[in-house]
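The numbers here are math on the coordinates, done by the rules we state, and not lab data. Computed from a predicted model, the values in this text were never measured in an experiment. Because the Cβ atoms are built from the backbone with ideal geometry, glycine has one as well, and the counts that use them run over all protein chains shown.
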Amino acid sequence: MRRHPHFESILTVVVTWALAVVAHAGDRVDFWSFQPIQFTRLTGGTAAIDTFLQQGLLEKGLHFSPAADRRTLIRRVTYDLTGLPPAASEIKAFLADGTPDATRRLVDRLLASPHYGERWGRHWLDLVRYADTSGNSGDFPVPTAWLYRNYVIDAWNADRPYDRFVREQVAGDLLPSNSLEERHRNIIATGYLAISRRFGVEEKQFHLTIEDTITNLGTAFLSLSVHCARCHDHKFDPVTNKDYYALYGILQSTRYAFPGTEVFQSPKDFVPLVSVREMETIIQPFERKVKEQDTEIERLRQLTLTIPPGEKRDEAVVEYQKAQQDRVALLESAPQYLKAYAVSEAKPVNAKIHIQGNPHDLGAEVPRGFLSAFGDDRVLPDEPASGRLPLANWLTSPRVQPLLARVIVNRIWQHHFGTGLVRTPNNFGARGERPTHPELLDYLAHGLIHHQWSIKWLHRRILDSRAYRQGGDSQLDSRTRDRAAEIDPNNLSLWTFPRRRLSAEELRDTILLFSGQLDRTPGKGHAFPPEHEWKFGQHTPYIGSLKSKRRSVYLMRQRVKRHPFLSTFDAADPNVATGQRAESTTALQALWLMNNPVFHALATASARRLLSTARHLSEDVVQHAHTALTSHPADKAELQAAMAYIRQCVLRDGSADEGRKLERAVASYVRVLMSSNLVLYVE
Amino acid sequence: MDRRQALLSLFGGSLLIPPSAAELLAGDDIAAGPLQPKNPHFAGKAKSVILLYMSGGVSHIETFDPKPKLAADHGKPSGVKQFLGPHWSFRPGGECGAPVSDLFPHVRECMDDICLIRSMRADHISHMEATLGIHTGSFSVKRPSLGSWVSYSMGSVNQDLPSFVVLAPQLPYGGDQCWSADFLPAIHQGTRIVSSSDPLPNLTPIASEDLQQRELQLLERLNRKHRKSRTADSRLAARSQSFATAFGMQHAMPDVLDLSQETAGTLQLYGLGEEATDAFGRQCLVARRMVERGVRFIELIDTGSNAPNNWDSHTNIPRDHPPRAKAVDQPIAALLQDLKQRGLLEETLVVWTTEFGRTPHNDGPVGRSHHPHAFSSWLAGAGVRAGMTYGATDEYGYRVTENEVHVHDFHATILHLLGFDHEQLTYRHGGRDFRLTDVAGNVVHDILV
């Protein structure tokens, strides 16, 4: 028998693994995903990924596919890292680069592009169910939610160490900072907590918002369904009912910015992004005035409710109404400054257990703390603050790191290969799938931690692998392909590079780019109606339709009504943590590509661009379009079909204007090409 | 001559690119087509299914499963909670006399056409999982939905409409996983229509008919060439099929959604024009029109996952259940009557269900919690014993005491009524055969004609 070159070390891992599994069978706490990371030291450096994968391939009698051709590779990498197709000049340069490091340099260039954060930040935004609206019954616009969105994009671009990124989002406002700018950035990061969904018409249902935060904390960082423990101990995973309320207390001790509800239309508790001096001399005095006014309004409201009908009550009602008008006048004189949709500290309290999840039926008080399965240092008995900073520290502590690292490694892997090493990216608990390649997962998790949690290190390592650079199944002869597909139909062993459809964002951005209309500048806030005009409620929720030519990551995303294009092409639902998007194929998508007026207009703009240099139809027109959209020139058959098609369109066009005829014909061709599988899929 | 034939004949004369019928409609590798009607395992009574799914968990003990003992013990302790008596009285319906609460006065009149199951059981207490379970048979991860299995097994007799349509104004728990094809060929995924004034965007052609046809022809040439070396990927053929369907839908969908062809009497019957019933009435009427046109599986979802605007009445059932019931009661009764009157009920299976029932004890002050251990669903139409009540729960409605029908049994029975053996209807995926009913499920023969 031929042995694998790293047979020994792999064997060690497998044995350790098996022993761990056996030793802890029946012991609920000792999940594979909680275990210390098993690091296998392999020789061969960057080839490590392939070494692990080859072991699985060998067992099945399979092999990697031959390397992808350069055009396929540059299209794949460019979409993967930036969500945009490569420009013709970039393809040309890559093809011309004969040095062994050409692909590495390509990857470095793309990782340094600002568009990298726009694509990979979006993956994170899927997970934290980012939206520009509150999600309550009025779906209130949140004018400064975008600060958090851009923070995420910037953080990915800056390759912020992942552990740091986690800490900032949970407790940025409590972290030390070296400058006012950094302080503001850290505050904005806690927008992660503030964007939790809001419910109902009043504030009474805030326990649901806290549940939503806990759900997301558990899912996004740890891939654990912590929220299942709201009513009882988790049925499958080692999360107790007490654990849930230990976390609950921390969030209950946190003040979330309030976006407004049907009953209380005015936003409050946003965190001012100003200097300490401005805070003390301008903002705090103003806020005190508003607070006094609110107290007065509430006093008068109670008065109108308690005194019996009659003259006295009428007077009170008049006074009450006047107090409300005064509040409006006061707000009109409000100092102007940027306010982050973020969190701040509230009065520290321990939560009481909601018996069977019922917030009106309170049980024992639980000290604030974390998940007990990770050890006994979980409780914060005398925590003088909310406990968010200890929570952030705990999430990134050595006890939790193995899970934290495995989860993010799996997500990054999945976004490159379509499927994670753990196929349930949001569930690393008992009900989730086991990793297909546990040693590889741990190898990368170990590497991530030891490379200062650099995600860009992880990208480089993955993109350097033979597994990533291999070709798609179309390059295989049919016998090899059919055999491999029979043995491993889901390609779990990665015998070929999997094909994927363009995401909603990639499709829209590609169309805009090709038409010459993409605005590449980063987006900021949205053109929401001004706050004083708001009157949103369950029957009249905010419904926005805001046009933009910026990249899709900057489009306004609403919770109650989803963006029609984005949802048709499977963009994430901003109500739930999406770890992996669906990839549907529907007639509604086909209808969009056939009949959407905006798409038609953009195709016309594309045709104009294509014809701006050439007055007449030439093969260059087709080749230019084909290369820009597929990264490959049209072959002979495709070229002939395209040319014949365009000519026929011109012939059949009854109008007198020759120039417009050609333009219309080319626009039609462009629409067809963009609708084809050549463009819609990356492989 | 229908539009499709017109299209074919038009292109039969084109010299530029000699087309074949297959090429025009989608490539020859799929013309034989995943949506061609397939042969059933045996003769089934039902040709199509309308699934009426009530989102959020309907209280069985306040709709179809009367519990006098629960009323009598109202306020008494039940564990740490208290028994909560039903908020509505029950009255016998139809000649069979099956008692139905005052929440469903119209459906009550149809009990002679309905086979009521009072012994349903699900496996999960949370909405998302239970909703996924009733839709896909899987209470954990996404699997192909019931509608997708029906589309896969039955195909479509109308190539201009999707074989599986979901009329859902809002997303249910689990979102579009509820109508996902998962590992079945993607073409069997449900097409969701938001049943409002703008049911389906981009339905109106911009290009002239002639141009659009040529565009689709070129598209299929490109796709077919692309597909040639990528035969293992069903998504690519499904993409072609999706354009063929979309082309037909441009005409077929406005037609099926156009209720102006219905009589005033029909509109009134379904409660159109009435604020409470208009929305679901439209969904029901469109469902009947889709059945007439050969759509295989039509799911109507009454509302979404936004509690308490669905059936998830934790705190206040008397406030939250009535508007939901009012919205669907008359339209559902109208659908049954209308199908029957047109002779369509004999070959249409109407299924009414929710994801789980609600607890006999209170949750909030006058609300109830989730209860997967017992709930009620019903079937009507093709092959089902009408006027029958099947199964029973204990005197409070906590547990099934007689003839339990697990969700897997429910699914097995539905497939049986369509002519398919749930153990034989499999799809090979990941090296093994998958079924809608996993490794469980028994056909409930007692409720079949």
Exercise for review: Please give the net charge around A:V598, taking every other residue with its beta carbon less than 14 angstrom from that of A:V598, where Lys and Arg add +1 and Asp and Glu add -1.
Suggested key: +3
Point to revise | For the range B:257-318, the fraction of alpha-carbon pairs in successive 5 Å shells from zero, as % | key: 4, 16, 21, 19, 16, 11, 8, 4, 1
Check your understanding: Taking the range B:33-97, which chymotrypsin sites (Phe, Trp or Tyr not before Pro) meet the DSSP loop condition and have no more than 11 other C-beta atoms within 10 Å?
Key -> B:F42
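Using alpha carbons only, what's the Rg to Rh ratio of the range B:304-439 with Rh from Kirkwood?
Using Cα coordinates only, the ratio equals 1.02.
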Point to revise | Computed Kirkwood radius, in angstrom, where 1/r is averaged over Cα pairs of the range B:167-235 | key: 15.2 Å
Exercise for review: Grab the DSSP H runs of chain B that are 4 residues or longer, score each as -39,500 (n - 2.57), total them, divide by all residues and round the 222 nm result to the nearest 500 deg cm²/dmol.
Suggested key: -10000 deg cm²/dmol
Review point. Say the cut-off is 18 Å between C-alpha atoms; which of A:K289/A:K322; A:K92/B:K225; A:K636/B:K228 go over it?
Key: A:K92/B:K225
Point to revise | Radius of gyration and maximum dimension Dmax of the range A:65-165, Cα, Å | key: 17.6, 59
Review point. Among all the lysines, which ones have a C-alpha under 28 Å from A:K352's C-alpha, if same-chain residues fewer than 8 places away are not counted?
Key: A:K204, A:K235, A:K242, A:K268, B:K76, B:K81
Study note, to complete from the structure: The alpha-carbon pair-distance distribution computed for the range B:75-210, with 10 angstrom bins and whole-percent values, is 10, 22, 29, 25, 9, 3, 1, 0
Exercise for review: Mind pulling the angle between the C-alpha long axis of helix A:636-652 and the longest principal axis of chain A? Nearest 10 degrees, somewhere in 0 to 90.
Suggested key: 70 degrees
Exercise for review: Take the eigenvalues of the Cα gyration tensor for the range A:513-569, scale each by 5, and report the square roots as semi-axes in whole Å, largest first.
Suggested key: 25, 15, 8
Point to revise | Proxy reagent accessibility, fewest Cβ within 10 Å first, across A:Y256, A:Y192 | key: A:Y256, A:Y192
**Study point:** With Cα atoms, 0 to 90° folded angle of helix A:180-189 axis to chain A main axis
**Key:** 80 degrees
Exercise for review: Quick one: order B:L70, A:L518 by neighbouring beta-carbon count within 10 Å, fewest to most.
Suggested key: A:L518, B:L70
Study note, to complete from the structure: Sparse-neighbourhood loop hits (GluC sites (Glu not before Pro), the range A:137-242; DSSP loop; Cβ within 10 Å at most 16 others) -> A:E202, A:E203
Study note, to complete from the structure: Here the convex hull volume per residue of the range A:492-597, taken over Cα atoms and given in Å³, is 170 Å³
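Just from its helices, what would the mean residue ellipticity at 222 nm be for chain A, if runs of 4 or more DSSP H residues each count -39500 (n - 2.57) and the sum is divided by every residue, rounded to the nearest 500 deg cm²/dmol?
Rounded to the nearest 500, the figure is -15000 deg cm²/dmol.
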Exercise for review: For the range A:607-662, just the Cα set please: Rg and Dmax, both in angstrom.
Suggested key: 11.7, 35
**Study point:** Most mobile of B:V351, B:V107, B:V80 in a GNM of chain B (Cα contacts under 10 Å)
**Key:** B:V80
Check your understanding: Quick one: helix A:504-514 against the long Cα principal axis of chain A, what's the angle to the nearest 10°, folded into 0 to 90?
Key -> 60 degrees
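Note the direction-averaged projected area, equal to a quarter of the hull surface, for the Cα convex hull of chain B, in nm². Each step should come with its number before you reach the end.
Details: hull surface 87.3 nm².
Orientation-averaged projected area of the Cα hull: 21.8 nm².
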Point to revise | Intensity falloff of chain A expressed as log10 I(q)/I(0), Debye formula with alpha-carbon point scatterers, at q = 0.08, 0.11 Å⁻¹ | key: -0.71, -1.20
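Take every residue in peptide B:237-246, count the Cβ atoms of other chains within 10 Å of its Cβ, and give the average of those counts. All intermediate terms of the calculation are to be shown ahead of the outcome.
Numbers: counts 2, 3, 10, 4, 3, 9, 8, 2, 5, 10.
Average per residue, whole number: 6.
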Practice item. Send over the per residue convex hull volume for the range A:216-334, Cα only, as a whole number of Å³. Key: 171 Å³
Review point. Are there chymotrypsin sites (Phe, Trp or Tyr not before Pro) in the range A:442-473 that DSSP marks as loop and that have at most 14 other Cβ atoms within 10 Å, and which are they?
Key: none
Review point. Straight-line reach from B:K45: which lysines have a Cα under 25 Å away, not including same-chain ones fewer than 8 places off?
Key: B:K340
Point to revise | Shielding by partners, peptide B:206-213 (average Cβ within 10 angstrom, other chains) | key: 4
